[in-house]
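Have a look at the structure below, then the notes.
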Amino acid sequence: MKKHLAICGILILAAVVTTLADWPQYLGPNRNATSQETGLSRSWPKNGPKVFWTFPLGQGWAGASVSDGKVYVLDRVGGKQDVLRCIDLANGKEEWNFAYNAPGTIGEPGSRIVPAIDGNYVYTCGCLGHVHCVDKRTHRAVWKKNIWKDFGGGNRLPTWGITQNPLIYGNMLILAAQTPKAGVVAYDKTTGAVRWTSQPLPGGPGYVSPKIVKIGGDDHLVMISAKSRQRRRRQQPERPGDNRQSPGLEETRQPEREDQSAAEAPAEKSARRPGMGAVVGIDPKTGQVLWTYYGWQCTIPIPNVTEIGDSRLFITGGYRAGSAMIKVQKKPGGFVVEEIYKTQAFG
């Protein structure tokens, strides 16, 4: 199966007429799926927009970043290599690539992430956990790590591999290891040295990337972990985004309905709740866990939390996990999580 990167005529026309804002990371400039662009077309022509160019890619589920008129995408070739490609936005020609060997298989093979662009450097995380900082000028790796194996992840990867979209925060690159030794990891973005690691996250690894939110005016790093699944037999893995029931994967999918305390801080109480996932707030400067919320459970968490404002966060996930909204407040002695609501109407 092949994938193609396609650029529509309206986008290229805009690039020629004016300067497009960069889209340098997962979910855009502010990592919130919001664009500041204006004047976009409200409808397409009957036969769709004109395609100016396409570029063939290997199998995958990755997205592209755009910076300074260049498109960056992490490709995966034949289950053996990951390839970072730099493509000219105007004409679709590949200008350079950086490839490394990464043999291995995961469910629904292919690349997963959106590269993060920061100045002269491109940061990627492959589906097997390979992390690279690549210099746009030399097209070579400045440093490399493995977010899974370096922290005791072992030989068995999560079912659909590592899906960590790199997060730049100040002079750090942040990714969630989700291993027995580290929940979230911050690297020095220039050298790759580990700046901090958080305590392991409750439950099991999911497919959520860390996100920075404002809580009472301060930055908190929020991560969501998975409720552990009890597998009795397995033939065909369930696909993220597919709402059909998989006949080959028998597990408990309903969220926890226990009457749980909505406020849990700090997260050291997680040891009392084996197998349960959590929404976890972390100090992005130190890695200290500030608060934990167990009231919402999902076996396959994928979306980030959505920041609503006023220290409120919206949480949702598939496979009948439903949704929840919480509010985090600082009180004497620590942070308190208030559950505003939970609903099965969405998610």
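The values are calculated or read from the model by the stated rules, or taken from the named source; none is laboratory data. All of these numbers come straight from a predicted model, not from anything done at the bench. Don't worry about glycine lacking a Cβ; one is built from the backbone with ideal geometry, like all the others, and counts go over all protein chains shown. Please note that ligands, DNA and RNA were not included when accessible areas were found on the heavy atoms of the full protein model with its side chains. Shrake-Rupley method; radii C 1.70, N 1.55, O 1.52, S 1.80 Å.
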Since Gln236 meets every condition but one in (1) surrounded by fewer than 16 Cβ atoms within 10 Å (Cβ to Cβ); (2) in a loop (DSSP other than H, G, I, E, B); (3) modelled with pLDDT of 50 or more, which condition does it not meet? (3)
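Could you list all residues from segment 77-92 that are in contact with a Gly (Cβ under 6 Å, 6 or more places away or on another chain) and open to solvent by 10 Å² or more (accessible area, probe 1.4 Å)? Spell out how you get there, then give the answer.
Of all residues in segment 77-92, those in contact with a Gly (Cβ under 6 Å, 6 or more places away or on another chain) come to 77, 82, 89.
Val77, Leu89 - these are the residues of segment 77-92 that are in contact with a Gly (Cβ under 6 Å, 6 or more places away or on another chain) and open to solvent by 10 Å² or more (accessible area, probe 1.4 Å).
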Among the residues of segment 288-306, are any open to solvent by 60 Å² or more (accessible area, probe 1.4 Å), β-branched (Val, Ile, Thr), modelled with pLDDT of 95 or more and not in a loop (DSSP other than H, G, I, E, B)? yes
Here is a list of conditions, (1) open to solvent by 20 Å² or more (accessible area, probe 1.4 Å); (2) in contact with a Phe, Trp or Tyr (Cβ under 9 Å, 6 or more places away or on another chain); (3) part of a strand (DSSP E or B), and Val73 meets all of them except one; can you say which number that is? (1)
Considering every residue within segment 108-116, establish whether at least one is over 13 Å from Gly60 (Cβ atoms), open to solvent by 20 Å² or more (accessible area, probe 1.4 Å) and either touching a residue at least 40 places away in the same chain (Cβ under 8 Å) or polar (S, T, N, Q) (or both). no
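Among the residues of segment 254-263, is any within 27 Å of Lys285 (Cα to Cα) and either of a type outside the set (D, E, K, R) or at pLDDT 95 or above (or both)? Walk me through how you get there before you give the answer.
Looking only at segment 254-263, we keep the residues that are within 27 Å of Lys285 (Cα to Cα), and these are 262-263.
Going one step further and asking which of them are either of a type outside the set (D, E, K, R) or at pLDDT 95 or above (or both), we end up with 262-263.
Looking for residues that are within 27 Å of Lys285 (Cα to Cα) and either of a type outside the set (D, E, K, R) or at pLDDT 95 or above (or both), one finds at least one in segment 254-263, hence yes.
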Is segment 284-297 home to any residue that is farther than 30 Å from Asp188 by Cβ and hydrophobic (A, V, I, L, M, F, W, C)? yes
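Out of contact with any helix residue (DSSP H, G or I) (no Cβ under 9 Å at 6 or more places or on another chain) and open to solvent by 30 Å² or more (accessible area, probe 1.4 Å): does that describe Leu27?
Details: out of contact with any helix residue (DSSP H, G or I) (no Cβ under 9 Å at 6 or more places or on another chain): yes; open to solvent by 30 Å² or more (accessible area, probe 1.4 Å): yes.
Yes, satisfied.
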Positions within segment 117-133 being over 17 Å from Trp61 (Cα atoms), of a type in the set (A, V, I, L, M, F, W, C) and either part of a loop (DSSP other than H, G, I, E, B) or open to solvent by less than 10 Å² (accessible area, probe 1.4 Å) (or both), in sequence order: Val122, Val131, Cys133
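So, in segment 27-79, exactly how many residues are of a type in the set (D, E, K, R) and over 22 Å from Ile302 (Cβ atoms)?
Of segment 27-79, the ones of a type in the set (D, E, K, R) are 31, 37, 42, 46, 50, 68, 70, 75-76.
Narrowing the set further to residues that are over 22 Å from Ile302 (Cβ atoms) leaves 37, 42, 46, 50, 68, 70.
Of the residues in segment 27-79, 6 are of a type in the set (D, E, K, R) and over 22 Å from Ile302 (Cβ atoms).
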Can you tell me which residues in segment 56-69 are open to solvent by 30 Å² or more (accessible area, probe 1.4 Å), in a strand (DSSP E or B) and in contact with a Lys or Arg (Cβ under 8 Å, 6 or more places away or on another chain)? Pro56
Please determine, by comparing only the residues of segment 307-347 that are touching a Phe, Trp or Tyr at 6+ places or on another chain (Cβ under 7 Å) and hydroxyl-bearing (Ser, Thr, Tyr), which one is most open to solvent (accessible area, probe 1.4 Å). Thr316
